[in-house]
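What follows is a set of notes on a single structure, which appears directly below.
The values are calculated or read from the model by the stated rules, or taken from the named source; none is laboratory data. Just so it is clear, the structure is predicted and the values come from calculations on it, not from any experiment. No Cβ is skipped: glycine too gets one built from the backbone with ideal geometry, and neighbour counts run over all protein chains shown. To get the accessible areas, we keep the full protein, side chains included, count just its heavy atoms, and leave off ligands, DNA and RNA. Shrake-Rupley method; radii C 1.70, N 1.55, O 1.52, S 1.80 Å.
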Amino acid sequence: MRPGLYVRSLIRESRGSGGRLAFFVLCLSVGVAAVVAVAGLATSLDRTIRGEARQLLAADVAVSGWRATPPALDALLDGEAGLQRTELRQLTTVVAAPALPDGRPGPTQLVQLKAVGDTYPFYGSLRLDPDVPLRELLGEDGVVVAPELLRRLQLEVGATLLIGGQPFHIAGRVLAEPDRLDTGLSLGPRAFVSLAGLARTGLLGFGSRVYSRVLLRLPDAASTDAAAALAARIRDALPDAEFYEVETHTDAQPALRAGLRRAERFLALVALLSLVVGAIGVAETVRSWLAGRLDSIAVLRCLGLRPREVVTLYVGQTLLLALVGSAIGSVAGLCLIAAVPRISGGLVPAVAVSLWQPGAVARGLAVGTGIALLFALPPLAACRRVSPLRVIRRDVEPLPPSRLVRGLTLAVLGAGTLAIAVVQARSFAFGAGFAGALAVVAAVLALAAWLLARVVGTLARRVSAVRLRHGLASLARPGADTLSSIVALGLGTLVVLGMYLVEGQLARSLAAELPDDAPSSFFIDIQPDQWEGVRGILESEGASALRSVPIVNARLRTIDGRSVEELAAQTEGDDRRRRWTLTREQNLTYLAELPEGNQVVEGRWWADPSRAEVSIEREFAQGLGVSVGSTIDLDVQGVIVPLSVTSLRQVDWRSFRPNFFLVVEPGVLEAAPQQRVAAARFPDGGDERVEARLAASYPNVVPIRIREVLAKVAGVLAQIGQGVRLLGGFTLLSGLAILAGAVGASSVRRGREVALLKTIGMTRRDVALVFALEYALVGLVAGLIGAAGGGALAWFVVTRGMELEWLAEATPFVAAVVLAVALAVGCGLLASLRALSRRPIEVLRSE
């Protein structure tokens, strides 16, 4: 076929199909919008992290750790020409407002205290109010605080703030700092002091939990390779290098970016589900569209077009529509990206979002067009089987495809969907798992649709009520779009309800799992010689369920004679959890009695007086690869302590009591450097009074209110859940578009039905009731199966993935089914308005 004829034929074949083509574009654009939004947002955040790498680190190289940096580092840095350095100290502590006029202690607040050198930061902008250099505001007795701290303590700039019991002058407010990414989970607002000011507070005593950080800036002409080379020299020169983290700006927040990749993978698959549902609508629209073009195809065959030329013609039209739908969806996806900062409630900052997303748009166009062609392949293949005889005989239908053709078509469709899922997930395992799960769910929904058609077809003949009989019969009639509508609506209901249940179950579990006798506050960084005084304060304020245990920090050196470095190096693939388990700093305690909420499941509790024993939590022991009878060596501040594993424990972590992975028998660690942690429950108002008294007498002791932490976690989860449900809503919207498209595509046949029903005496209201019953049954079956699938998905994630107790409730399931029915009826009737408005005489004359 010549290009000119091909183009003219494309235009000619589009005439009179505007409604069907509009539904084609709508179904596809909804899914593409979700794909572009997820890809664009992930790319935007990753680009921001990479582009602002120096600002996020505030340096070219940083050396960090919970220990003070050793002299070996100073010696190395002194020999580096042109190198600038500054130091930071970060710790969590409590600050207090001055005493009230009646002599009572002023209000207190947990803060993240950051002590900085004069040249901080090397890169990035530290926004302050007033806008003067930080070193001029601080001195030895100045402090710059976050506006949130001023609001909570009801103070103003110029007031006095007590840090470590020492008075500091509030010199200004910090509006933004370059090397901090606030996720909403910080324990308190930020406060800045100088290094000299921190020394004045007395918070740097022996055993204090202080995070030290050395920031280094290379000469301006230095390359990225120079930063990497300096980091390598530092790692080689540091004694006990495993206790420190050496980063360069090229690392660009690796932990944050890894989390971003995992989130993108999950959201990309949810978005793909929306696109797959939309593609089902595309297939149904193409099928209905071609069903109305059979006469035209027969004429083309009579004019000399070969079957492959006819297929090429309609493939070209489908491709053109797919590009249009994908382009509209890409624009909608960019608009969604622009709205993310407002939708996320501040979880994603506006500065991290960019609308320039050529890669995301290209992915949306490619994936949208590809999946539209894949799902349109089965109905397009039917064009080959239209006989020219249909011009003479209208009852000549296309020949059914052979089993081989059906099998090949299904194989191509499955392989294509798998390939697109792998591209979206960027992982073959995750993509294949998604495609397999999607196939199973779609098969269940398709089976339910088939069974529904069989059952109602039999039942309709036995029903005497006219409206009910016709409504049931409509679902079982030849050419009904029951299958695609139920599959699409069911998938949408599954995603939306499943994500809603996961978020709700997790939020309720966080509150319900807090036992009645659980502590209301934890107190950390208590020095051994402070415990008696701290306990006196806690008890005088009515503390109940008071528990305290010592904590010793150590690292694993060997397991059964093999070094942890060797074991970590042999860890296969991306098993970061095992490497972290082996190399993390361990928090140990020593106890004579088995703690409440702990149960020995293997071995015996302190059974061998001849050996130094350790008891390990069962799952943690599996991660380490140890069992009863194994031996481990611990490095406790440079002293090697050999221990024998004599028992494994099961721990009830939901008790919110102090629990540990490793518990050592008494008599082994008493002389090691240590601190204490305490937990207690207070009557209403007791937490605030205790914090005020501790801030005055023991300012290094850090209180953490459990319910406030849980509330922050629940808030972040709610924001994340909102985003996931938004993407799930795209899936549901795609399903509704399919239903509307199927109804609209069959408007000619629906018009004939309306004319016939009106001719036998039904009013427009009666016909609308017949249609409403049909759509209600579609929504009911889709809602029931989708709700069951969403519940099963949520139950699996909550009980198996999060290991939480399932809190059964019927309201969300009932609401999901009712909503599915209501949306199906409303959408179906709206799409049927044109058919319902037709007069019988118009249909009869057209026949």
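Odds and ends about this structure:
- Being at pLDDT 80 or above and in a helix (DSSP H, G or I) is a description that does not apply to A448.
- L829 being part of a helix (DSSP H, G or I), at pLDDT below 75 and closer than 25 Å to E774 by Cα: no
- Set L290, L320, L313: member being out of contact with any Asp or Glu (no Cβ under 6 Å at 6 or more places or on another chain), farther than 17 Å from A33 by Cα and at pLDDT 80 or above: L320
- Residue count for region 644-662, restricted to those that are aliphatic (A, V, I, L, M) and either closer than 22 Å to I706 by Cβ or open to solvent by 50 Å² or more (accessible area, probe 1.4 Å) (or both): 1.
- For region 632-643, the condition holds for no residue, the condition being that it is among the polar types (S, T, N, Q), in a strand (DSSP E or B) and open to solvent by 50 Å² or more (accessible area, probe 1.4 Å).
- Selection count where residues are surrounded by 21 or more Cβ atoms within 10 Å (Cβ to Cβ), under 22 Å from V549 (Cβ atoms) and not charged (D, E, K, R), scope region 683-697: 2
- For G416: the one exception among (1) at pLDDT 80 or above; (2) open to solvent by 50 Å² or more (accessible area, probe 1.4 Å): (2)
- As a summary of the residue check, R135 satisfies the conditions (1) of a type outside the set (S, T, N, Q); (2) under 26 Å from T248 (Cα atoms); (3) touching a residue at least 60 places away in the same chain (Cβ under 8 Å) except for the one numbered (3).
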